[in-house]
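Trainee: Structure below; questions to follow.
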Amino acid sequence: MDKHKTETHTFQQIFHFTEDNIGTICASLENEIENLKVVKSESQSLKTPEVQHFKFILYETDTITLLELPSLAPFIQNISDTQVKITENNKYVLSGAVQTSRWFQRTQHTQTDSIILKDQSNVASIWILQKEMGCNTLDLRKKETELNNFKKILFITDRIVTSNNFSRKQIEFVTQHKSDKFNAMSYRYTLEEILQFSNDKFMNFSITSLVWNNTNEDIFAVGYSKRNRESQDAGAVCCWSLKNPVYPEKIYEFDKPILCLDFSKSNANILIAGSHEGCIYTIDISQEIYVPVVINKEHLHNFPVWSIVSFLQKSFTSDDEFVLSVDGNGSVRKWSLISKNCNTEQMSLIYCGIRNEVNTGKTNKFNSTIVQNMPGTVISFHPTNKNTYFIGTKIGFVVQNTIDNCNHYDTIFMAHTGPVYGIKFSPFCSSIFITYGADWKIKIWIENIESPLLSLSYSNAIDDADWSPINSTVIVSVSGAIICIWDFARKTVEPVMMFTCKTGVHFSLVKFSKHGNNIITGDVNGLVRCFHISSMPSPSFLLKNSILTALENMMSSNQELVRIIRKKLLNK
């Protein structure tokens, strides 16, 4: 039995393999695998080497620790009394609720260098600071310049693309009226809509004003207003160009409706706007980004500014520019575009009347005096006498006054039985002007005569009207959805042409183009339309004589008035 155990012990051998031995065995195994692959590919008979059996027994040695950093947050269950109480006075105790110690302690040394702290100071002069700020400013200016150049490229590209669709209509708009001697006695007028200027953002806004630029005939400004009881009021000013009817050149938005506009007489890039809250804004349309400036901020009266007109007034050294405004309280004021403190109240429109009242208890009657403010609606300056201006009121009076005359007015006369919506002077005879209003009439007046020369009646209120710049006897007006063309040299009972627009349109204003063969209209839906007038009668050679002759023919029954008119015109 012992002998058998001895033989078994001698058969089992313990081999200790090093890394070299293991590498040799692995290399031999790889060679055998390669040989097998070669034999398989060549279809040779496989020669199996002698099989050798090995038996390995692995023993685990003791673990050698090179570096040990024990945790500072052991579990509370495994903490012994000696670990919890570090010192006798229990000053440093580990917390079992968190995984960090309350006080950091360095328990073992590490092989890291200590942190070196160094104090350093520097002296910067004002010149160095300005230099650094200047470099940043130059970089910002460079980026702004590149951005502006990119915007200009897009701006020009937009116009080029737009002109592909509207080139024919744009050429038709700027083409001047051609005289036709065979059409001199014809009464044919034809309106054709050629362009539309609209923006989806202001489709529900009402157009309150439209003014042409004094220098560039392709640019005009449009004022928008929106009055809604449910939502907040809003307003806007858009500058449109005939070269791009798809999108406005400039857009300025306001929190109150815009009621009136006018361009500066000395600077064509300055636009003046009056709002419903009483503010008067100045806008520089030549700037890429510009915030409108309120010139009457220190003297705000919170009444709607219904009309504004810029004018030049001579001083000792030069011509200073001012703005004349009239508001809903009947206050006429003069504002300076340069100094915000320059504010002059020209006059207050006050109505004094007598009202007849009947006492029902007795048979006697008694009169009472009415004194109230007359809200102004429109201002118009005399075309030749620059100091004289006319103001229309909501009661129907027209007031005439001069800039130098304050506190009271020169002349007042009753023009209409309702609000006066506009006063326009003839471009061919400075003494003749028209007024129109809510009493369905367009009246033609001559200066310093309180009775109208001619009255053109229609079946609805005249919202706006304008003189033709090429024909002295032609007037265009809008009423509701109808455009009327009047020629009082040929017909005074009714318009010579009426054009009815589609249902749902209500025109609010109308203007002739500077060439005279187009009219621009605005409606309460925020849409600006351009109509081309074709087949117009050729204007006469002497336009001033033509309008005087037409008026004399209409007033042939009143020879006294004709004699006064001739005398006034001869004196002028």
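The values are calculated or read from the model by the stated rules, or taken from the named source; none is laboratory data. Everything numeric in this text was worked out from a predicted model, so none of it was measured. Note that each Cβ is placed from the backbone with ideal geometry, even for glycine, and that neighbours are counted across all protein chains shown. For accessibility, only protein heavy atoms count, side chains too; no ligands or nucleic acids. Shrake-Rupley method; radii C 1.70, N 1.55, O 1.52, S 1.80 Å.
Trainee: Name every residue in segment 427-440 that is under 35 Å from the mean Cα position of the chain (by Cα), open to solvent by 10 Å² or more (accessible area, probe 1.4 Å) and either more than 14 Å from residue 380 (Cβ to Cβ) or small (Gly, Ala, Ser) (or both), in order of residue number.
Mentor: Residue satisfying the conditions is 438 alone.
Trainee: Any idea which of 295, 270, 258, 280 is free of Cβ contacts under 8 Å to residues at least 60 places away in the same chain and either out of contact with any Ser or Thr (no Cβ under 9 Å at 6 or more places or on another chain) or closer than 30 Å to residue 195 by Cβ (or both)?
Mentor: 258
Trainee: Name the residues in segment 218-254 that are outside any loop (DSSP other than H, G, I, E, B) and among the aromatic types (Phe, Trp, Tyr), would you?
Mentor: Those that are outside any loop (DSSP other than H, G, I, E, B) and among the aromatic types (Phe, Trp, Tyr): 220, 224, 240, 252, 254.
Trainee: Follow-up question, since we're still on this one. Residues in segment 250-269: is at least one open to solvent by 30 Å² or more (accessible area, probe 1.4 Å), under 18 Å from the mean Cα position of the chain (by Cα) and of a type in the set (Val, Ile, Thr)?
Mentor: Within segment 250-269, one or more residues are open to solvent by 30 Å² or more (accessible area, probe 1.4 Å), under 18 Å from the mean Cα position of the chain (by Cα) and of a type in the set (Val, Ile, Thr).
Trainee: Across segment 275-314, which residue is nearest to residue 383 (Cα to Cα) among those that are assigned to a strand (DSSP E or B) and in contact with a Pro (Cβ under 8 Å, 6 or more places away or on another chain)?
Mentor: Taking the candidates together, the pick is 306.
Trainee: Here is a list: 443, 424, 386. Which entry is among the charged types (D, E, K, R), free of Cβ contacts under 8 Å to residues at least 60 places away in the same chain and surrounded by fewer than 21 Cβ atoms within 10 Å (Cβ to Cβ)?
Mentor: Going through 443, 424, 386 in turn, the sole match is 424.
Trainee: Which one of these is over 33 Å from the mean Cα position of the chain (by Cα) and modelled with pLDDT of 90 or more: 369, 363, 393, 417?
Mentor: 417
Trainee: Looking at residue 321, is it open to solvent by less than 70 Å² (accessible area, probe 1.4 Å), of a type in the set (D, E, K, R) and assigned to a loop (DSSP other than H, G, I, E, B)?
Mentor: When the stated conditions are applied, residue 321 does not pass them.
Trainee: Here's a follow-up. Would you please name the residue that is surrounded by the fewest Cβ atoms within 10 Å (Cβ to Cβ), looking only at residues in segment 225-249 that are of a type in the set (Ser, Thr, Tyr) and farther than 15 Å from residue 279 by Cα?
Mentor: 231
Trainee: Name, by its number, the condition in (1) out of contact with any Lys or Arg (no Cβ under 8 Å at 6 or more places or on another chain); (2) of a type in the set (Val, Ile, Thr); (3) farther than 19 Å from residue 538 by Cβ that does not hold for residue 446.
Mentor: Of the numbered conditions (1) out of contact with any Lys or Arg (no Cβ under 8 Å at 6 or more places or on another chain); (2) of a type in the set (Val, Ile, Thr); (3) farther than 19 Å from residue 538 by Cβ, the odd one out for residue 446 is (1).
Trainee: Which one of 419, 375 is of a type outside the set (Asp, Glu), farther than 26 Å from residue 473 by Cβ, touching a residue at least 60 places away in the same chain (Cβ under 8 Å) and out of contact with any helix residue (DSSP H, G or I) (no Cβ under 6 Å at 6 or more places or on another chain)?
Mentor: Of the residues listed, the single one that is of a type outside the set (Asp, Glu), farther than 26 Å from residue 473 by Cβ, touching a residue at least 60 places away in the same chain (Cβ under 8 Å) and out of contact with any helix residue (DSSP H, G or I) (no Cβ under 6 Å at 6 or more places or on another chain) is 375.
Trainee: Take the residues of segment 203-217 that are in a loop (DSSP other than H, G, I, E, B) and surrounded by 17 or more Cβ atoms within 10 Å (Cβ to Cβ): which is farthest from the chain's Cα centre (by Cα)?
Mentor: Applying the filter and picking the extreme gives 213.
Trainee: Can you work out which of the residues in segment 396-410 that are at pLDDT below 90 and farther than 17 Å from residue 322 by Cβ is most open to solvent (accessible area, probe 1.4 Å)?
Mentor: Ranking the candidates gives 407 first.
Trainee: Could you check segment 446-556 for strands (runs of 3 or more DSSP E) lying wholly inside it with 3 or more residues that are open to solvent by less than 20 Å² (accessible area, probe 1.4 Å)?
Mentor: Fully inside segment 446-556 and qualifying: 464-467, 474-479, 482-487, 507-512, 518-523, 528-534.
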